[in-house]
Number of protein chains: 2
Amino acid sequence: MEAVAYLDHSLEVAIGVHVGLFGGTIALLGSAAQAAKWLPPVEAHTMRGCFALTELGHGSNARGIETTAVWDGAADGFVLHTPRETAQKYWVGGAAETARWATVFAQLTVGGDTVGVHPFVVRIRADDGSPVPGVTTADCGVKGGLNGVDNGRIWFDHVLVPRGHMLSGENAVSAAGVYTSRHSTPDARFASQLAALTGGRVGISRLVNNQAKLGLTIAVRYALSRRAFSPTPGAPEARLLDYASHRRRLMLPLATTVVYSLAAGALKDEWNSHAELRDAAGRRLGVTKRLHVLSAGAKALCSWHARDALQECREACGGQGYKSDNRIAAVRATHDISCTFEGDNLVLMHTVAKALLGDYAAVVGARRRGGGKLPPFGELLAFLNTPRMGAAPLPSPRVSPRDVDAPTFVTAVLRDHAAASMTALATAYAAAIKAGTAFDAWNSVATAAADTAAAVMAVHAHAVGAAAVAAAATADARARRSGVAEPLALAVHLHSLGVVAASPGYLRSGALRLDEAAAVEAAIERGCTALAELSRGVVDAFGIPERLLAPIAGDWVAHNSRARL
Amino acid sequence: MEAVAYLDHSLEVAIGVHVGLFGGTIALLGSAAQAAKWLPPVEAHTMRGCFALTELGHGSNARGIETTAVWDGAADGFVLHTPRETAQKYWVGGAAETARWATVFAQLTVGGDTVGVHPFVVRIRADDGSPVPGVTTADCGVKGGLNGVDNGRIWFDHVLVPRGHMLSGENAVSAAGVYTSRHSTPDARFASQLAALTGGRVGISRLVNNQAKLGLTIAVRYALSRRAFSPTPGAPEARLLDYASHRRRLMLPLATTVVYSLAAGALKDEWNSHAELRDAAGRRLGVTKRLHVLSAGAKALCSWHARDALQECREACGGQGYKSDNRIAAVRATHDISCTFEGDNLVLMHTVAKALLGDYAAVVGARRRGGGKLPPFGELLAFLNTPRMGAAPLPSPRVSPRDVDAPTFVTAVLRDHAAASMTALATAYAAAIKAGTAFDAWNSVATAAADTAAAVMAVHAHAVGAAAVAAAATADARARRSGVAEPLALAVHLHSLGVVAASPGYLRSGALRLDEAAAVEAAIERGCTALAELSRGVVDAFGIPERLLAPIAGDWVAHNSRARL
């Protein structure tokens, strides 16, 4: 899928929906028998499926969907129904034309008890593409991009779904109409139903970095061949990348792309390892809180970054960046929905912040008790368990500015800021919740919450990057000769300095001192200059085949010659 | 044109190219006889034209174009030629199909002397659309948007242009082959040739705000009807605009759109007044430095703002924002090239900064001499002539934080920061130019230069906004009852607080104190809440006809009903 993303994002999303969301839901939530029955035809693409969760009226609030599934003991099945227009399934990739089956999420009622959202494997059209009784589908229409995916709408009119088609790895209804669940609380039950979305977010985090790599490869190569203005009269014109302003607009996104690729890669490895784990009964483990939080934060930050990087590449290539042949504008347009699908980015950042607040309370509580169980986030939140957490927001005054080029500098600034932000957020929220409703309290800290989530995720991305730098530095001689160590160290340092310099928050929290800010700025300029020297090698190392690049990445004068008309 | 922009951006750009650039060049640079001959058929659209300046090899560096026009006395005309592939005219709106004529810019040589870039009125195809000898045209191909404009390429093969077709209001070649110019220096001569582009930038500054207004009208109306999550169990779900995070993502852009619309409107008035002025000989005055600088800065900041505002609207409407029917994604795509055409935004910001440095030197020089002539920028740079300019970058320590809600607060912060930035930029550039080449010196301050230009333009936009607030507050009772004063004052205050809070530069310069930053943040949250209360009225006041909005601005449930399939 990562390779396909370079070729065509729609194709990659279509595969992702069928394999990751449709097949993934069966694999993660189905019983062993259901998996054995359905996964082979899913993998063979003979049982083409889609993932029908979102409705016209409910997207972010998936728990509020209105489609109903009512247990009918006499029929040994569930009556699936769309009770009103807001309950129509919406944005379902593949539903307009391609899919024959769907994992449909609906509010399950058994014997009069509503037990929440559950998934059902439902046929939505015949294998020859003709309609089936009770199911209406329609196209969502033309979109700003990704038009290779046939996003569709689905209405159900009292469709009988056989009992065996409720995915029953986690929860089940017996022939006698008795509902059983592996989970002890409705919250845990609901969270478990969306496991496939977590995997989807891990995948998106990877794929959007590849879109940024494609844009940056094209823009860097163009900036090395396109010239404008002579530095001195009569001299050849300078290359775009000879300009400090052009270096900055491309090198900071390039550095971030390298770091986010490492972070998303580590997340993918962690997800894949986890997916292989089974409990004593042979069942897959649920998604951990750590994976849920990390995938939410990574998906949001990686897709926002790719959005901005592609936009910068577009503008950095001028009108040529707008020309469809040169791919950047088209990739930017198809990417755009990544900021929204599988979770609105801003909502995801709030998800991260809410989880962090829970961990913060656990840490402070444990410290007050003089020890005890610590939160489950692991190394992401290792800094939560330091004295700084919960301490006064401003670190102790330092005597003189630190050396901003020392690797320890930016690590400290990132951690100090994340700790100060967490402390301030938790303090403000605790005060607000005493004064009013949870809704009002959250509203009063919403901006700080998103900023804090970003600050914590920045600590994580930097830690992954720094670990890769350390690994490269201690690699054997052959690896060192490959030239990876220098650009990698540069990229990690430059990216994190860029994070620290971009937001006033680092100054406000005191993590970065005012008298250090100018030195950080100067270090960023030096870093951009140094990375620009290595930039052709870096983008070549992305390994995107030449034929998937663009005319402006090559001999664009010959490409535009009159002889080629 | 501003009304047409709501309907279709391509149509508006096509009109702008024909009337503003093709006709505008004739009006601004032609002789009275040429204007009398050509403007009537241009206005009647019977002489359809385009504007051929940019070439494949030269965009920002328009002075470096390679198309040649060589005076041929025997033929009483100029031989127009494309000497190599990089000299092909490129991105010329209307050149692929629509236009029959072009104002072609070429390097003029008379009697062996090359005298720089000059415009010629040249037929590029017959009135029936068939080719004319010596001229080859081609389409630039599909773009990321604006595909209603037929951007094209043009090659000339020794085309003879009659002497009377060189636009001769500023410079002329006599029948005897004698070149005369109204301008005393090549720099002034070149600058005068691009006058139509200044008018174009004024127009773009207006039009992109209308694109932002369209997006915001749709997104605000959707945010007032779309609901998600119940604040308390069993309660109706909250509207999107009830969420602080959603308010912030829409209200800050809304405030900025109001302020930038005022600033761009004032600029348009100034441009129109200036265009009516004539010198003693009845000739139009050249573009003033003030108009050149203001139009460059406004075009860059307004188009970047519209880009970001439309993107925020897109994401704030979720998947519906991506759906073409709902217009936002399409308007975002057609808008995008506004960041590049008629001047790359980053290059334009450097243009502003370079002009500011010249004025700074003039102010400091005049002060040293104890008075003297001050720079021509007028009220935009009034603060240049204060003691703060050239003084120590940090303002004197204040005893306690100021009242951030007092209108004087943000005015002072904006001006202090602009003055400090100018001083720091001029000092750094003066040191750098002593140490190396002008190219290297500029590279060393490029980031600071763009930031300083933005800081100065922010002073200007705020001043225009504050003047409008003052006018509304002192208007008669009827005007006050219209309800304009309150949202206007809110928008101006919120926009400028947003500018101050968004960039670490305001803390770094000392214009904003660290102990004031939290109060600014709180004031922004209050401002977003207050403006949200008035937001439906504000977007209604934009006056966009209902039929040019989008399904999600109305009853989107009914629009999506199955009955409508």
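A simple count of charges around A:Asp540, restricted to other residues whose Cβ falls under 12 Å of its Cβ and scoring Lys, Arg +1 and Asp, Glu -1, yields +2. Per-residue extension of 0.36 nm, minus the Cα-Cα distance of B:His158 and B:Thr411, leaves a gain of 85.3 nm for this segment.
Each residue, A:Glu97 and B:Thr474, gets one label point 7 Å from its Cα in the Cβ direction; the gap between the two is 6.4 nm. Its relative contact order, with pairs defined as Cα atoms under 8 Å and 6+ residues apart, puts region B:196-343 at 36 percent.
For A:Lys354, the aspartates and glutamates whose Cα falls under 13 Å of its own Cα, not counting residues fewer than eight places away in the same chain, are A:Asp451.
For the protein assembly as shown, what is the charge dipole size about the Cα centre, in debye to the nearest 20, if Lys and Arg each add +1 at the Cβ and Asp and Glu each add -1 at the Cβ?
Using Cβ point charges on Lys, Arg, Asp and Glu, the protein assembly as shown gives about 1320 debye.
Summing both sides, the accessible surface hidden between A and B at a 1.4 Å probe radius is close to 6700 Å². Cross-link partners of A:Lys213 among aspartates and glutamates, defined as those whose alpha carbon lies under 18 angstrom from its own and excluding same-chain residues fewer than eight positions apart: A:Glu2, A:Asp8, A:Glu12, A:Asp308, A:Glu312, A:Glu315, A:Asp325, A:Asp336, A:Glu533, A:Asp540, A:Glu546. Ranked from shortest, the separations from the 7 Å Cα-to-Cβ label point of A:Ala412 to its equivalents in the other copies are 3.5 nm.
List the DSSP H helices in chain B whose Cα atoms stretch 18 Å or more along the helix axis and whose mean Kyte-Doolittle hydropathy is at least -0.5.
On the way: long enough: B:195-225 (47 Å, 0.51); B:244-276 (48 Å, -0.17); B:289-316 (40 Å, -0.34); B:345-368 (34 Å, 0.71); B:407-435 (43 Å, 0.81); B:438-473 (49 Å, 1.10); B:485-502 (25 Å, 1.34); B:514-541 (38 Å, 0.47).
In chain B, the long hydrophobic H runs are B:195-225, B:244-276, B:289-316, B:345-368, B:407-435, B:438-473, B:485-502, B:514-541.
Interface residues of region B:223-242, defined as those with an accessible-area decrease of at least 30 Å² between the chain by itself and the complete set of protein chains (probe 1.4 Å), are B:Arg226, B:Phe229, B:Pro231, B:Glu237. Extending 7 Å from Cα along the Cβ direction at B:Ser561 and again at B:Leu7 yields two label points whose distance is 3.1 nm. Suppose R0 equals 30 Å; then what is the FRET efficiency for A:Asn272 and A:Val364 from their Cβ-Cβ distance, rounded to the nearest 0.05? Here the calculated transfer efficiency is 0.35.
If you place +1 on the Cβ of every Lys and Arg, -1 on the Cβ of every Asp and Glu, and leave all else neutral, what size is the dipole of chain B about its Cα centre, to the nearest 20 Debye?
Dipole of chain B, to the nearest 20 debye: 760 debye.
Take B:Pro233, move 7 Å from Cα toward the beta carbon, and the resulting point lies 8.2 nm from the same point in each other copy, nearest first.
Ignoring lysines fewer than eight residues from A:Lys89 along the same chain, the ones with Cα atoms less than 18 angstrom from its Cα are A:Lys143, B:Lys323. Rounded to 0.05, the FRET efficiency of the B:Leu548 and B:Asp72 pair, given R0 = 45 Å and the Cβ-Cβ distance, is 0.30. Label-point distances for B:Ser130 to the equivalent site in the other copies, using a point 7 angstrom along Cα→C-beta, read 5.6 nm when ranked shortest first.
The values are calculated or read from the model by the stated rules, or taken from the named source; none is laboratory data. Note that the structure is predicted; figures quoted are calculated from it, not measured. Positions of Cβ are backbone-derived with ideal geometry, glycine not excepted, and every protein chain shown enters the neighbour counts. Ligands, DNA and RNA are stripped out before the accessible areas are found, and what is left, the full protein with its side chains, is counted by its heavy atoms. Shrake-Rupley method; radii C 1.70, N 1.55, O 1.52, S 1.80 Å.
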